[in-house]
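Here's the structure we're looking at; comments come further down.
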Amino acid sequence: MTRVVVVGAGQAGLSAAYYLPRFGIDDAVILDHNSGPGGAWRQRWPSLTLRAANRVHDLPGWGLQDALGTHCDDVPASTGVAEYFGEYEERFDIDVHRPAHVASVSRTDSGYLVAGHGIAGPFEYRTEAVINCTGTWDSPFWPTVRGASSFRGVQLHAHDYRTAEPFAGKTVAVVGAGITSVQLLLEISAVAKTMWFTRREVQWDATPFDPDKGRRAVARVEERVRAGLPPGSVVSVTGLPLTPALRAGIDSGVLVRQPMFRELTPDGPLLADGSVAAADVILWCTGFRYSMDHLAPLGLRSPGGGIVMTGRLATEVAGEPRLHLLGYGPSASTIGANRAGREAARAVAEAIGASGPGSGSGSGRVGATQLA
């Protein structure tokens, strides 16, 4: 038995783990399926630096530059964030059980049963509340395209991209309208011929991303999840930021999109005019789906295709005040994850009757003994 289980130890999970003791829950169990700290950042391609990455927001109580120094912009995001998160766990005594793979979350008379397997074998936790922070990185989305199986070249998802070197001298068709697609297009174009295909017109945004714009974007996503609709992507709300690097990519002809092709032939995309665009590689930058298969026993999907969310920051599953989803909808950003972690910790403590800081039955350490 434990009062709270947190599933996932990325930005949202660590934020929740930081705040839980501050609301009287000092015996939470933190489970993470990665082999070490860093969350999804561990899998980012090596050439993605902290300077080029979407902002890595400071975790509560201790910032990125506190851990890595003020001149860390050129550190690879995959190793830099892993180092930062690891030092954060040590600094705040956050005991993460890893690797721990959660297979299912189901209801019990008193709360939830979290089941899976870890380094010591199968585990089960009976808990009063669950804060789910599993994000999207482990569920890359591959669209269904007619003729895809006939293509004789290489097909790769951005999830598995590491470096442009294997594509040197080849022709690479990049599919997708998000920030990852343009970052990889610029990188690959230095060594290969590239083409860019998107389903919709690309919306470039030259205005600064200020707090007001961020709040408007979050509000639109929040409106959808409160109605039980699938959350939209951030880019669909904000557009692509027209930075100097991206503007140069447009001027050079690299970032010039073509309409999405109708199908794939053995030699490449079949275009609307009936011609074939010869390609050696199709790089699918088509996004991710939420990694929540383990929540299937709960039957959370609404008729609208999403999950109806409620609460002050829309982290709470409607009708289940002891079940919070972080990284879903408006909390699916690094800064949003921090705010959501605090709110979920507060709401869960209230729901299970924690009376305040230091009221937990544990030793003060964020963690608990595993029950097999």
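The values are calculated or read from the model by the stated rules, or taken from the named source; none is laboratory data. These numbers were taken from a predicted model, which means no experiment stands behind them. Cβ sites come from the backbone with ideal geometry, for glycine too, and all protein chains shown count toward neighbours.
Is there a residue in region 255-269 that is part of a loop (DSSP other than H, G, I, E, B), among the hydroxyl-bearing types (Ser, Thr, Tyr) and either over 24 Å from Val154 (Cα atoms) or over 25 Å from the mean Cα position of the chain (by Cα) (or both)? The answer is no, given that none of the residues of region 255-269 is part of a loop (DSSP other than H, G, I, E, B), among the hydroxyl-bearing types (Ser, Thr, Tyr) and either over 24 Å from Val154 (Cα atoms) or over 25 Å from the mean Cα position of the chain (by Cα) (or both).
For the residues Trp41, Trp62, the requirement of being closer than 26 Å to Leu313 by Cβ, over 18 Å from the mean Cα position of the chain (by Cα) and of a type in the set (A, V, I, L, M, F, W, C) singles out Trp62.
Considering the conditions (1) at pLDDT below 85; (2) surrounded by fewer than 17 Cβ atoms within 10 Å (Cβ to Cβ), Trp45 is excluded by exactly one of them, (2). For region 249-284, which positions are of a type in the set (D, E, K, R), within 24 Å of Thr180 (Cβ to Cβ) and either in contact (Cβ under 8 Å) with a residue 12 or more places away in the chain or surrounded by 19 or more Cβ atoms within 10 Å (Cβ to Cβ) (or both)? Matches in region 249-284: Arg257, Arg262, Glu263, Asp280. Taking region 128-243 and the helices (runs of 4 or more DSSP H) fully enclosed by it, the elements with 1 or more residues that are at pLDDT 90 or above, over 29 Å from Leu270 (Cβ atoms) and basic (Lys, Arg) are at 211-226. Only residues that are in contact (Cβ under 8 Å) with a residue 24 or more places away in the chain and surrounded by 15 or more Cβ atoms within 10 Å (Cβ to Cβ) were counted in region 63-78, giving 4. Filtered by the rule that a residue be closer than 19 Å to Arg107 by Cα, assigned to a strand (DSSP E or B), in contact (Cβ under 8 Å) with a residue 40 or more places away in the chain and β-branched (Val, Ile, Thr), region 285-338 gives a lone residue, Ile307. Of the helices (runs of 4 or more DSSP H) entirely within region 1-103, those holding at least 2 residues that are acidic (Asp, Glu), in the same structural domain as Ala296 (by TED's automatic domain parsing) and out of contact with any Phe, Trp or Tyr (no Cβ under 6 Å at 6 or more places or on another chain) occupy 77-91. No other residue among Arg216, Arg146, Arg220 is more than 26 Å from Thr310 (Cα to Cα), over 18 Å from the mean Cα position of the chain (by Cα) and basic (Lys, Arg) apart from Arg146.
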